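**Student:** Structure provided below as structure tokens; questions to follow.
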Amino acid sequence: MDKITAGIVAQLGFTDEMQKLRALLDGWIAQSAFDIQPLLEWQFDAGSKYFRPLTIFGCYRASFGQPVPDNIIRSAAVLEMMHNMTLVVDDILDHSDERRGKPTMHSKFGMLPALMASGFIVADGFTMSADDPHDIRLFADLIKRLGVAECAQWRLRRQPLGVSDWEGIAGEDTGSMFETCACLATRDESLRKFGRLIGMLYHGCDDVGDVKGLESLGGGGEEDLRDGILTLPAALAIQDPAICAMFCKAEPSDAELQAISRAMIDQLPAADAHLDQLAVEAKWEAQVHTKDPSSLIALVDYTRELSRR
């Protein structure tokens, strides 16, 4: 398990659940097709953050105050599979040769094997959930929303947009995944808004962490700047008309990209303030809609600190 996550897992007392999750994933990989197995072993290594399964476990405990049952651990494993499918696709779209210092699947095994493996992951995820129509509906909705969000984010790149537009993008691109986490745990809509807020918080902390040069939570700062993606610091920086004009160019020069980057650094205090407000809203949702919000409040605080390391 990634060292960043290990501390909060132990603090919240989910070590056993994480071990069961890992055993489930290892068993699935061991039984997978011969030609796909090396790709899955590479993608699902022991260095994952498992923050989305952790969110599922936290939402379950906060809502029911009971040990996490095996069916919820299975749901968390499938959610982690769906998440990894998105990582494979994102790395291909971003032309990323590495993710957190490790070669991406397509750079190691080739484009076609990586694309086929991403489809294999999704198919097996649905197979594992075949006896649970509730989960099937959630996973199907999630994949559709993520596809729409990716297309929308690409369509809106290099546009003179603002923070509210960033919230809409973040709420679908990452918030939808964490909404699904919440609904998998509670099997109702009670924590959907909490999931969306902590997903937006995670997305924004990734944006800020990239600008600060910290270890990324899953995004790609250089790629986002190159492609004109609306990150939170960019949404704040382009309020300056001169920066906005450079940001909206089809192919900004290296000097212009550097100017945009400096403007984004200048907006980090404002970005942090916005993230602090999202954290307050997420905590409020947890306090209102759960019996014991302590684990969810700890998750919010943990997420918020990721961009400060």
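Bear in mind that the values in this text are calculations on the coordinates, not laboratory data. Being a predicted model, the structure only gives us computed values, none of them experimental. As a convention, Cβ positions derive from the backbone with ideal geometry for all residues, glycine included, and neighbour counts pool all protein chains shown.
**Student:** Treating the beta-carbon of each Lys and Arg as +1 and of each Asp and Glu as -1, no other charges, what is the dipole magnitude of region 3-306 about its Cα centre, to the nearest 20 debye?
**Tutor:** The dipole of region 3-306 has a size of about 440 debye.
**Student:** Which value in nm describes the separation of the simple spin-label points at Ser294 and Phe126, placed 7 Å from the Cα toward the beta carbon?
**Tutor:** Computed distance between label sites Ser294 and Phe126 equals 4.2 nm.
**Student:** For the ranges 182-194, 16-28, what's the packing order if you count other beta-carbon atoms within 10 Å of each residue, average per peptide, and put the highest first?
**Tutor:** Packing proxy ranking, top to bottom: 182-194, 16-28.
**Student:** Under 4 °C and 1.567 mPa s, how fast does region 152-302 diffuse according to Stokes-Einstein, given a Kirkwood radius computed over C-alpha pairs? Answer in µm²/s, whole number.
**Tutor:** This corresponds to a translational diffusion coefficient of 81 µm²/s.
**Student:** Here is a further query. Would you kindly state how much longer the chain becomes between Asp240 and Glu305 on full extension, computed as 0.36 nm times their sequence separation minus their alpha carbon distance, in nm to one decimal?
**Tutor:** Taking Asp240 through Glu305 to full extension adds about 20.6 nm, to one decimal.
**Student:** May I ask for the Rg/Rh ratio of region 1-115, computed from Cα atoms with Rh as the Kirkwood radius, given to two decimals?
**Tutor:** 1.00
**Student:** Same structure, new question: Cα-based Rg of the chain per 2.2 N^0.38 Å, rounded to two decimals?
**Tutor:** Normalised Cα radius of gyration, the chain: 0.98.
**Student:** May I pose another question? Would you mind checking which residues have amide H under 5 Å from Arg99's amide H? H placed 1.01 Å from N; only 5 or more apart, or other chain.
**Tutor:** Hits under the 5 Å cutoff: Thr104.
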